[in-house]
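K.L.:
Starting off with a structure, shown below.
Each reported figure results from applying straightforward, stated rules to the coordinates on display, with no laboratory input. Bear in mind the structure is a predicted one, so any value in this text is a computation, not a measurement. A quick note on method: Cβ atoms are made from the backbone with ideal geometry, for glycine too, and the neighbour counts reach across all protein chains shown.
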Amino acid sequence: MIKVVICGASGRMGQTLGRMVHEAPDMELVGGINLKPSTFFGAEIVEAKDADALLKRTGADVVIDFTVASAVVENVRVAAQNNCALIVGTTGISPDQRAEMEKAILNHVPSVITTNFSIGVAIFQQLVRESARLLKDYDIEVIEAHHRNKLDAPSGTAKTLIEIIEGEAGSREKLYGREGMKKRENEIGVHVIRGGDIVGDHKVMYSKNFETIELSHRAYDRSVFASGAVQAARWVVGKKPGIYGMNDVLGLK
Ligand SMILES: NC(=O)c1ccc[n+]([C@@H]2O[C@H](COP(=O)([O-])OP(=O)(O)OC[C@H]3O[C@@H](n4cnc5c(N)ncnc54)[C@H](O)[C@@H]3O)[C@@H](O)[C@H]2O)c1
């Protein structure tokens, strides 16, 4: 049995993951970490300051973190010190926070870190890579929509899509929203919508020569992210130390 601890256990993703791990025949939900003690699916949730004791007491194999950027570095550090493999889905991480995480992980434990654990998004990203290579000279716009409680903007997935596009089409200025009088140049337009219960929509648009090509992905339920994270947790245990992505988990190249 793979012993799993979830950081952010009381959150939206933490609860979805807790249920999924609890129901997985090959996994044991041994605990959760959040800001206040509680329980979920028969397991205890401890405060962040008691994370080290929880990991030692339970002998967790893997820690899954869906929290906030300000918490993730410390969670990763404690998990790596306890030789736990890591699954990190938290977004909005700054370059400095990313560097701190890498220091804790590299040469110590295996991890999968991605801004989107959906299997459909992994395929969508491949299609965006291919289309950006073919449509370099088109006008490119990236549009994303999420629920009203999402704090970071643009979404981690939108930032990853922009990185993929720029990897193929070259680095460009990003223009976040448009207002007033300004000629369109070679920028990538980035547009963010926040409202209601939208789970996660992403669209990339290429326009030129009286035509538009649109690639889009829509998540209808956050269980798509949770099931990808659970699949990644199964895959990562026993791998060599390092940082892997969903392409490695899914065998995509
Ligand atoms: N990679 C993906 O596929 C994916 C998918 C969905 C959401 N996300 C990201 O996951 C994160 C969480 O999303 P959510 O919708 O569940 O948010 P949420 O606000 O519902 O849950 C976050 C939880 O983390 C808790 N928390 C804060 N500080 C903590 C700490 N120090 N230790 C432990 N827990 C702490 C909060 O109290 C909260 O319960 C966000 O960054 C979001 O963008 C990623």
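K.L.:
Helix hunt in the chain: which complete DSSP H runs extend at least 20 Å axially by C-alpha with mean Kyte-Doolittle at least -1.0?
P.N.:
119-134
K.L.:
Straight-line reach from Lys203: which aspartates and glutamates have a Cα under 12 Å away, not including same-chain ones fewer than 8 places off?
P.N.:
Once the sequence-local aspartates and glutamates are set aside, what remains near Lys203 is Glu141, Glu144, Glu214.
K.L.:
In percent, how large is the relative contact order of the stretch 47-115, given Cα pairs closer than 8 Å and 6 or more residues apart?
P.N.:
Averaging sequence separation for qualifying contacts and normalising by length gives 34 percent for the stretch 47-115.
K.L.:
Quickly estimate the mean residue ellipticity at 222 nm for the chain, helices only: each DSSP H run with n ≥ 4 gives -39500 (n - 2.57), and the total goes over all residues, rounded to 500.
P.N.:
That calculation yields -11500 deg cm²/dmol at 222 nm.
K.L.:
Then there is this: Taking R0 as 45 Å, what's the FRET efficiency between Asp26 and Phe210 from their Cβ-Cβ distance, rounded to 0.05?
P.N.:
It comes to 0.25.
K.L.:
If Lys and Arg each add +1 and Asp and Glu each add -1, what is the summed charge of the other residues whose beta carbon sits under 15 Å from the beta carbon of Gly200?
P.N.:
Within the 15 Å Cβ shell, the charges total +3.
K.L.:
Want the number for Lys36 to Val237: 0.36 nm per residue separation, take away the alpha-carbon distance, what's left?
P.N.:
Once the chain is fully extended between Lys36 and Val237, it gains 69.5 nm.
K.L.:
Is there a pair in Lys136/Lys208; Lys183/Lys208; Lys3/Lys56; Lys3/Lys150 whose C-alpha atoms are over 19 Å apart, and which pairs would that be?
P.N.:
Check vs 19 Å cut-off fails for Lys3/Lys150.
K.L.:
Long-range amide H contacts for Cys7: which residues qualify at under 5 Å (H placed 1.01 Å from N, peptide plane, sequence gap of 5 or more or a different chain)?
P.N.:
Under 5 Å from the amide H of Cys7 lie the amide H atoms of Ile33, Ile64, Asp65, Phe66, each far enough along the sequence or on another chain.
K.L.:
Also, quick follow-up: Under a cut-off of 16 Å between alpha-carbon atoms, report the lysines in cross-link reach of Lys36, not counting same-chain residues fewer than 8 places apart.
P.N.:
Partners found: Lys49.
K.L.:
Efficiency by 1/(1 + (r/R0)^6): what FRET value for Lys136 and Asp197, r their Cβ-Cβ distance, R0 = 25 Å, to the nearest 0.05?
P.N.:
For R0 = 25 Å, the calculated efficiency reads 0.10.
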